[in-house]
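The values are calculated or read from the model by the stated rules, or taken from the named source; none is laboratory data. Bear in mind that the values here come from a model prediction, so they are computed numbers and not experimental data. Quick reminder, even Gly has a Cβ in these numbers, built from the backbone with ideal geometry, and neighbours come from all protein chains shown. The area values use the complete protein model at the heavy-atom level, side chains included, leaving out ligands, DNA and RNA. Shrake-Rupley method; radii C 1.70, N 1.55, O 1.52, S 1.80 Å.
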Amino acid sequence: MFIQVKYLTTILLSFIFIGTLAQSKLSTNKKKAVELYYQADNYMVKGQYTLAFDLLKEAVDKDDDFYEAYFRMGIIDKARGNVTTAEEYLLKTLELDPKNAGANFELGELYIQVGEYENSIKYTQAYLDLNPRNSKRRSEAQRFIDNANYALENIDRVLEINRRPLSDKINQFDMQYFPLLSPDGEHLIFTRRIGVPIVNGEEDIVISRKVKGEWSEPISISDNINTEHNEGTCTLSADGRMLIFTNCDDAKNSYGSCDLFISINTGGVWSVPENMGKKINSSAWDSQPSLSADGNKLFFASNRSGGYGKKDIWCSTRSDNGEWKNPVNLGPNINTDEDDISPFIHYNGQVFYFSSRGREGFGGYDLYYSEKNNDTWSEARNLGYPINDGKNQSSLFVSIDNKIGLYSISFKSNQKYQSKIYEFDFPEKLRPKNKATFVKGKVYDSSTNLPLKAKIELFDVGNDERIAMVTSDSLTGEYLMVLPEGSEYAFYVNKQGYLFRSIYFDYKNDNKQALELDIPLERLISGTKTTLENVFFDFDKYELKLESKTELKKVIQFLKSNPNIRIEIAGYTDNKGSEDYNLELSKNRAKSVFDYLVAEGVAPDRVSYKGYGQSDPLASNENELGRAKNRRIEFKVID
């Protein structure tokens, strides 16, 4: 979606000068040259630039000093990506008309695109010295100079990225862009376009699977999603079950030129997409979505009113009932008075990447990043050279372990625009402090082994904050939850009519491996019991640690949701120490839990407690790992 708009904008902005020239007196008195020049006008209005260029070429053959024709030829070739000839025609224009402001401007932009920053400053300054009346272009020219100076100051700080194109199986289409990887790195989804972008090309979303280390032939992600309209720039929740994508040109089902649609995967089948509605979509352009790992925050680009610039980045949050809230602008640390687009929120939820042409950079659209600080985003920083250069960079994706970056690079070949997807080694100095990993598996009924649809929540026990929530697939029971490094987590699996499961993950340190964990749930009947893995005590103590608060709130919530049951809180120890001492310690720990629940409003007749000491071990007491497992608090349904 962005690539098509980008090229159209480039050509249309260049026509500002063309329209001005068409109304002024021409430098030639050759009637045939003038006739050819105005014939070219008609083709340019229709977007037939090759025919227009050929006529202009004939015009300068009639009069070699016809600088207006050279200027137009330079603009066309610059827009078509023919850098060498564009430079030649624009320099010829200045040779014939040294005070041609338009040619100086176009050369200033051309040189920044190819990384000739000193030349960019030279010609852009010449444009400014001519003091043209077009204040909008003066502002843009000043941006060229600022970017060129920034590039000259920073270009020697070269990052080692080892950039390489993906295989020809992936890069087989006219254009491919906006790539994304599944957390396990086994699926690649991207937008492919067949057809020249200036005309209505066909955009679809395709998927490739890694087979024996190689990407397979890309296929349509779903016949329910890809239609005769343009579908692309998509995002996927980490568990692979929620897809949000852009659909354009579907006037019947849209509010604006491009809208965001949503589809849900159940049992491997994508649902018929639905427009995300008026809260998300506007009468303007809404595109380029990026979902947080749990699918509960949606970032996207839009040129709706109320922003800071032309295109801004917005964010909507999904409430517990599944409804999306009104989008909020990300503010001036991200958005500028120019275009800010192509958002990507990393799996760790702490780093945000995007593309902008409104900040100091190397020219065109550069890639930037911002880090989360409580509820705000830090001032954006440029990702540096050669990730960024004088061309346009966008559609960045960074792998879950921060080691690999993916993005598309556009170029011109055989007289048409193309793009390919590249991967590169994400520079270590730019990698966020905390990576992320994941746990995946199936939720099932412990008695029947049938899959279950369950709510799965992840809490940071350090601050009692829920940071993610997903549901397992109703047909397969499959789930995937991203675990950002740097914290301790309480992981809960809940389903009405079943005893909830509590799991503890210590991810304070890095280098954690992905886990596969199938989770059986016990039906809620008398005698069913579970371990409260996120209730904590200091060694040989029975006072509850503050980190236990998350778990005990979950127990209270469970009792409220099941008002007719009673539970017993049971304490256990390892075999270190005497039996009598351990029995007393386990009883006191169980009583601490009991006292907390009662103090928080649980009726005392619904809870009892008992210490069982070192009896009924779950593992061997011969090693610390086993002893840690035996030191536990359980609760059991007693009726």
Just how much of Arg566 is accessible, in Å², when a 1.4 Å probe is used and the result is rounded to the nearest 10? 80
Residue-normalised 222 nm signal for the chain, counting each DSSP H run of n ≥ 4 as -39,500 (n - 2.57), nearest 500 deg cm²/dmol, is -8500 deg cm²/dmol
In degrees, nearest 10, the alpha-carbon axis of helix 31-45 is tilted away from the dominant principal axis of the alpha carbons of the chain by 20
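Rounded to the nearest 0.05, what FRET efficiency do Lys310 and Asn154 have when you use their Cβ-Cβ distance and R0 = 35 Å?
Values: r = 25 Å, r/R0 = 0.72.
Taking R0 as 35 Å, the efficiency between Lys310 and Asn154 is 0.85.
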Cut-off 20 Å (backbone N to label point 7 Å along Cα→Cβ of Leu450), residues of segment 262-284: 266-268
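In segment 138-281, how many lysine pairs have Cα atoms under 20 Å apart, counting only pairs 8 or more places apart or on different chains?
On the way: Lys169/Lys210; Lys169/Lys212; Lys252/Lys278; Lys252/Lys279.
Qualifying lysine pairs in segment 138-281: 4.
How would you rank 297-303, 223-229, highest first, on the average number of other Cβ atoms within 10 Å across their residues?
Values: 297-303: 23.6, 223-229: 14.1.
Taking the mean over residues of other Cβ atoms within 10 Å, the ranking is 297-303, 223-229.
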Residue (of Ser592, Gly626, Ala603) at the positive-pole extreme of segment 518-628, dipole from beta-carbon charges: Ala603
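If you stretched the chain out fully between Val114 and Lys433, how much longer would it get, using 0.36 nm times the residue separation minus the C-alpha to C-alpha distance? Present the calculation step by step, with values, prior to reporting the outcome.
Details: separation 319, 0.36 × 319 = 114.84 nm, distance 3.38 nm.
Stretched fully, the Val114-Lys433 segment lengthens by 111.5 nm.
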Please give the charge dipole size of segment 185-292, origin at the Cα centre, charges +1 on K and R Cβ atoms and -1 on D and E Cβ atoms. Round to the nearest 20 debye. 300
Can you report the principal axis dimensions of segment 374-435 using only the alpha carbons, biggest first, rounded to whole angstrom? 48, 23, 20
Please work out the FRET efficiency for the pair Gln48 and Lys252, using the Cβ-Cβ distance as r and a Förster radius of 30 Å; give the result to the nearest 0.05. 0.50
Please calculate how many Å² of accessible area segment 54-166 carries per residue, with a 1.4 Å probe and no DNA, RNA or ligand atoms counted. 46
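Summarise the accessible area of segment 511-639 (1.4 Å probe, protein heavy atoms) by the percent that is carbon and sulfur. The partial results should precede the final answer.
Values: 3490 of 7110 Å².
Here carbon and sulfur together make up 49 percent of the probe-accessible area.
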Checked segment 196-272 against the a/c 1.5 cut and the a/b vs b/c comparison, axes a ≥ b ≥ c from its Cα gyration tensor; verdict oblate
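Where does each of Ser271, Ser592 land when they are ordered by accessible area, with a 1.4 Å probe and the largest first? Show your work: numbers first, answer last.
Working: Ser271 45, Ser592 25 Å².
Sorted by accessible area, descending: Ser271, Ser592.
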Return the label of the correct value of volume of the Cα convex hull per residue in Å³, as calculated from the structure shown, out of (i) 172; (ii) 259; (iii) 245. (i)
Roughly what would the spin-label model give for Asp223 and Ala619, points 7 Å off Cα along C-beta, in nm? 5.1
Reach of Lys122 by Cα under 20 Å, taken over lysines that are not fewer than 8 positions away in the same chain: Lys78, Lys92, Lys99, Lys136, Lys391
With all protein chains present, calculate the accessible area of Val443 using a 1.4 Å probe and round the result to the nearest 10 Å². 0
Heavy-atom accessible area of segment 299-430 with neighbours in place, 1.4 angstrom probe: carbon+sulfur share in percent works out to 40
Within segment 527-559, whose backbone N sits under 20 Å from a point 7 Å along Cα→Cβ of Asp464? 532-538, 542-559
Could you please put Val598, Val60 in sequence from largest to smallest accessible area, using a 1.4 Å probe? Val598, Val60
Crossing angle, helix 49-62 versus the chain [Cα axis fit, 0-90 degrees, rounded to tens]: 30
Label-reachable residues, segment 455-469, where backbone N falls under 20 Å from a point 7 Å from Thr317's Cα toward its Cβ: 456-469
Using a 1.4 Å probe, how large is the accessible area of Cys315, given in Å² and rounded to the nearest 10? 20
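So if R0 is 56 Å, what FRET efficiency would Glu516 and Asp605 give, r being the distance between their Cβ atoms, rounded to the nearest 0.05? Before the final figure, lay out each step's value.
Working: r = 42 Å, r/R0 = 0.75.
Computed FRET efficiency for Glu516 and Asp605 comes out at 0.85.
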